[in-house]
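The values are calculated or read from the model by the stated rules, or taken from the named source; none is laboratory data. In this text, all values refer to a predicted model and were calculated from it rather than measured experimentally. Here the Cβ positions follow ideal geometry from the backbone for every residue, glycine too, while neighbour counts run over all protein chains shown. We work out accessible area using only protein heavy atoms, side chains counted, and drop any ligands, DNA or RNA first. Shrake-Rupley method; radii C 1.70, N 1.55, O 1.52, S 1.80 Å.
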Amino acid sequence: MPVNQRKKIVCVHLLNDYSGSPLILSMVIKGLVQGGYEVDLITSAETKGFLSDLSVNYKFVKYRFHENKLIRLFRFFKSQAVLFFMIAGYASKNITVYINTLLPFGAALGAKATGKKVIYHIHESYIQPASLKKFLRTIAAKTADSAVYVSNYLLNEEQLPGVKNTVIYNALPDEFATKAAANLHHVTRDKFTVLMVSSLKEYKGIKYFAELAAKMPQLQFELVLNATKQEIDLFFRDTQIGSNLKLFPAQKDVHPFYQRASLVVNLSVPDLCKETFGMTLLEGMCYGLPVIAPPAGGPIEVVRDGINGYCIDVRNGDRMQESIMEIHNNDKLRKNLSAGALATAELFEESALKSNVKRVVESLN
């Protein structure tokens, strides 16, 4: 397709970091570029993450997370006003607007005001306060032509009425899978390490992870948080951290952690937050690691009890400890769960994500 005839996609993601939603968008963008689309990317100016250094035309909006709720809310709505006018500036262009997560509603309004097609890629169900979530869903329902959901659970929970809705599971980047395949190790009971990679949020079960480490001093625990060291120190200022628990700030490269892990856990508290997918579980399975996930939300579509891991409520501490020790002590079980994890990971390839999203985009043309 000649360059001057290429269809332009404008992708919008509010906060570029090393979390799951920008990782998925980075793969989506690579697939669109490979498919002959010209891509403009609007994202945060002051942060680095998975959306950095892509083959796109960058446009930036100033946005950073702030602990103070009022400041955070002010920054958020200010950024949306900027996004509205940035998208409105494409009024004379033939574009489709691809909005990642529910948050960039200003871009959706700008697209609607100028008659552009809008695709939402919805990753989240948990947004606080509830009034903000209701507002964002209302905007999405009134502006979206198509919506992509990362799991059937999320589709059932957040389906936008009157919109073409599609479930497209998350995937692992090819480079991640290749590196994992080259560094697979046989998990043994020696130096058994329990790994959790998470956002620094109470509802992610971080305090439960620390409690678990304290109750199981014979095992090693590593917690990688998408936050700075200062933010982590503040969060744990009143928590006693044992010698068998190591805390790490945000990491660009998480491979070393999976390479020395024996088990990967996601301890989100179901009553506070239901996970919509669980990318870190999939990353762990790519390394042949058994996983433990919450018994609710998207993870139950990926994790099978006794096949590649277990679904356990983090508040059931006794069962959690018993299951971890069973995986630690039972060589045959550990081997079977590892094989099941690898087989599961093979089902979530980058090529499938790219081709499925491309079909959604083309269906609007």
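Tabulated data
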| quantity | calculated |
| --- | --- |
| Selection count, segment 90-128, where residues are among the basic types (Lys, Arg) and assigned to a strand (DSSP E or B) | 1 |
| Test result for ALA108, free of Cβ contacts under 8 Å to residues at least 40 places away in the same chain and open to solvent by less than 20 Å² (accessible area, probe 1.4 Å) | yes |
| When residues of segment 198-231 are limited to those that are of a type in the set (Gly, Ala, Ser) and within 24 Å of PRO295 (Cβ to Cβ), the one surrounded by the most Cβ atoms within 10 Å (Cβ to Cβ) | GLY205 |
| Hey, ALA341 open to solvent by less than 50 Å² (accessible area, probe 1.4 Å), part of a loop (DSSP other than H, G, I, E, B) and either closer than 26 Å to ASN226 by Cβ or among the small types (Gly, Ala, Ser) (or both) or not | no |
| Matching residues, segment 269-298, being under 20 Å from TYR149 (Cα atoms) and of a type outside the set (A, V, I, L, M, F, W, C) | PRO270, LYS274, GLU275, THR276, GLY278, THR280, GLU283, PRO294, PRO295, GLY297, GLY298 |
| Selection count where residues are under 30 Å from LYS332 (Cβ atoms) and open to solvent by less than 40 Å² (accessible area, probe 1.4 Å), scope segment 165-197 | 11 |
| Test: LEU83 is touching a helix residue (DSSP H, G or I) at 6+ places or on another chain (Cβ under 6 Å) and modelled with pLDDT of 95 or more | yes |
| Filter result (within 21 Å of LYS164 (Cβ to Cβ), in contact with a Cys (Cβ under 7 Å, 6 or more places away or on another chain) and among the aromatic types (Phe, Trp, Tyr)) within segment 87-131 | TYR98 |
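Yes/no matrix, rows are residues, columns are (1) open to solvent by less than 30 Å² (accessible area, probe 1.4 Å); (2) under 19 Å from ILE122 (Cα atoms); (3) in a helix (DSSP H, G or I):
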{"site": "LEU15", "(1), (2), (3)": "no, yes, no"}
{"site": "TYR18", "(1), (2), (3)": "no, yes, no"}
{"site": "LYS48", "(1), (2), (3)": "no, no, no"}
{"site": "SER52", "(1), (2), (3)": "yes, no, no"}
{"site": "PHE65", "(1), (2), (3)": "no, no, no"}
{"site": "PHE76", "(1), (2), (3)": "yes, yes, yes"}
